[in-house]
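Have a look at the structure below before the remarks.
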Amino acid sequence: MSILSTLRESFAAYSDTVTTQGHIVDADALRPYSYSGQQESSPSQHSIHDGGKFAGGFGPTQIQTTDYWTLRARSAQLFNENLYAKGIIRRLVTNEINTGLTPESFPDEGVLGVAEGSLSKWTENTENRFALWGKSPGVCDFLREKTFGALQATARQEALIEGDVLVVVTQNRQTKLPTVQLVSGNAVDTPYLGIKNLREGHEVKHGVELDKQGRQTAYYVRQKDGTFNRVAAYGEKSGRRRAWLVYGTERRLDEVRGQPLLTIVLQSLKEIDRYRDSTQRKAVVNSFLSMFIKKTQDKMGTLPMTGGAVRRDEVTTTDDSGGAPRTMQALGMMPGTVFTELQHGEEPVLKGGEGTDSNFGEFERTIMQAVAWANQIPPEILTLAFSSNYSASQAAINEFKIYLNKFWEDFGCTFATPIYQEWLISQVLLGKIAAPGFLEAWRDPGKHDVFAAWVNVEWLGSIKPSTDMLKQAKGSELLVANGWSTNAREARITTGTKFDKNIARLRIENEKKADALRPLLELRAEFGAEETDAAVSAMAYQIDEIQNQLSEG
């Protein structure tokens, strides 16, 4: 007797079933508990809550196994062929990354035991040096093609399409600085012929090597010749971060690979694109016949469409019965043709209006709203359609800001911060940046707080500007005046700039203004304000006249 038959006989009292990979098995056989005890006399006194409101209401329960390869292939296909899929991905990357997230260094002066504000110059120097490194493709990019901002956009796009992307950091032997290499998640796979010399207790799941504790220790990358290269997550001798996966969406607890963003809407986007193509094709085919003359009385026809200003084409058709070929004439009318003096019983009948689907627009909006909602994007942002009033548009922007703040935190921690830490370690080792106790804390787990204090950083992207900047500026001024916010925070969320740098630049600009006004003030002190202003006005008038003459001549 088969195992399946045994299970069915053992749990024949229960009628609900579970579907697993095409096979039907009894649900209770898969439950992690069993019911024991005296049988109740009344069946209504005992029931099992399984989520269904009535017997069979939920339908078959599926124990799903994720087919990452098919999901990645379909997602990539949709990105290449489907305008909705491409629009979703590109819209997200543009809003999330734009030109790249920028770091704001916040070393914890209290943990480091230094005076408050004493590291402001250190912070500015570190940020400036990192910006210079990130703007040099020949230094930061392994392929020497992209800036750090462009690498962020590429990593995010690949993670959304493929589900994840492998980030590999190597040290450039010439600059002694880290370079970033991106590997498509599709290339990370388990070797087909098995793995030799796999460490005891380690296992490989979907190309990711896990140790006994389930931590990711290495990745197997498929090469162009079909062989596989093992990339360790950390250097064997240095212990420095070398490779890690960046995911496009959230993962369940035991999942080691990511699913593409479009996973949940693959079929919906495919079908809406088919509907759009079908509607368009219907309109095009129907437009081939623009007009015909309808006769309602048995009279000699005037044949108005066979006159001048037409293009005549002949089409010869045959059938399978072997009959004589039939020749049909198709007439193409010139624009602006008007029929007059039609015979009684003749009327022109227009074609083309019934070739479009009036319900497609509403159907498209409904589907795209569902897609936007599933991906935490306001429909206005996704479709770039701000047709509502100011309050509604601002509410959509504010909702999207909540999403962006969360994304910047997550992407900064998973992609940018590890690279920033490796860069800072290299800078300190090279003596370019002074950070007392930093290297010692890096090597000593007992001083992890000191290391964390030095590398503390936040990542910010391009802010969403307010639709009414005057209102927001007045609100920010009120918040700062009452101590409910700070200049640093308001500068960051309003203009996406850093308050300290703004003040430093304003000081330089004000000094330049003062230098420019100094000769005028000296003239006023010597000749008086009225005479000086009159002379300046006269000179300005003469300059305008000369410019006008030059432009006319």
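The values are calculated or read from the model by the stated rules, or taken from the named source; none is laboratory data. What you are looking at is a predicted structure, and each value in this text was computed from that prediction instead of being measured. Because the Cβ atoms are built from the backbone with ideal geometry, glycine has one as well, and the counts that use them run over all protein chains shown.
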Quick one: in the stretch 238-258, of everything that is within 14 Å of the chain's Cα centre (by Cα) and touching a residue at least 40 places away in the same chain (Cβ under 8 Å), which residue is nearest to V221 (Cα to Cα)?
V246
Any residue in the stretch 256-268 that is more than 30 Å from G87 (Cα to Cα), among the aliphatic types (A, V, I, L, M) and either at pLDDT 90 or above or assigned to a loop (DSSP other than H, G, I, E, B) (or both)?
no
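For the stretch 408-435, which residues satisfy the criterion of being exposed (fewer than 15 other Cβ atoms within 10 Å of the Cβ) and either free of Cβ contacts under 8 Å to residues at least 40 places away in the same chain or in a helix (DSSP H, G or I) (or both)? If you could, list the steps in order and put the result at the bottom.
We begin by selecting, within the stretch 408-435, every residue exposed (fewer than 15 other Cβ atoms within 10 Å of the Cβ); these are 409-410, 413, 429-432, 434.
Of everything in the stretch 408-435, those that are exposed (fewer than 15 other Cβ atoms within 10 Å of the Cβ) and either free of Cβ contacts under 8 Å to residues at least 40 places away in the same chain or in a helix (DSSP H, G or I) (or both) turn out to be E409, D410, C413, L429, G431.
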I want to confirm something. Restricting to the stretch 51-66 and keeping residues that are surrounded by 12 or more Cβ atoms within 10 Å (Cβ to Cβ) and not hydrophobic (A, V, I, L, M, F, W, C), which single residue is modelled with the lowest pLDDT?
G52
If I go through the stretch 167-196 residue by residue, how many of them are of a type in the set (A, V, I, L, M, F, W, C) and under 23 Å from G461 (Cβ atoms)?
4
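Of all residues in the stretch 67-97, how many are outside any helix (DSSP H, G or I) and surrounded by 15 or more Cβ atoms within 10 Å (Cβ to Cβ)? Even if it seems obvious, please write down each step before you answer.
Quick first cut of the stretch 67-97, residues outside any helix (DSSP H, G or I) only: 67, 82, 97.
Narrowing further to those that are surrounded by 15 or more Cβ atoms within 10 Å (Cβ to Cβ): 82, 97.
The number of residues fulfilling the criteria is 2.
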Just a yes or no: is a residue in the stretch 463-481 in contact with a helix residue (DSSP H, G or I) (Cβ under 9 Å, 6 or more places away or on another chain), closer than 30 Å to L245 by Cβ and not basic (K, R)?
yes
Since F527 meets every condition but one in (1) among the aromatic types (F, W, Y); (2) exposed (fewer than 12 other Cβ atoms within 10 Å of the Cβ); (3) over 46 Å from the mean Cα position of the chain (by Cα), which condition does it not meet?
(2)
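Restricting attention to the stretch 119-141, which residues are small (G, A, S), closer than 18 Å to K498 by Cβ and modelled with pLDDT of 90 or more? Full working, then the answer.
Filtering the stretch 119-141 for residues small (G, A, S) gives 120, 131, 134, 136, 138.
With the extra rule that they be closer than 18 Å to K498 by Cβ, the set shrinks to 120, 131, 134.
Once the filter is applied, which keeps residues that are small (G, A, S), closer than 18 Å to K498 by Cβ and modelled with pLDDT of 90 or more, the stretch 119-141 yields A131, G134.
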Restricting attention to the stretch 463-499, and to residues there that are of a type in the set (A, V, I, L, M) and within 31 Å of the chain's Cα centre (by Cα), which single residue is modelled with the highest pLDDT?
A473
Exactly one condition in (1) more than 23 Å from E116 (Cβ to Cβ); (2) within 38 Å of the chain's Cα centre (by Cα); (3) small (G, A, S) is false for A535; which is it?
(2)
Within the stretch 178-200, identify whether any single residue is closer than 30 Å to N80 by Cβ, β-branched (V, I, T) and more than 23 Å from the chain's Cα centre (by Cα), and answer yes or no.
yes
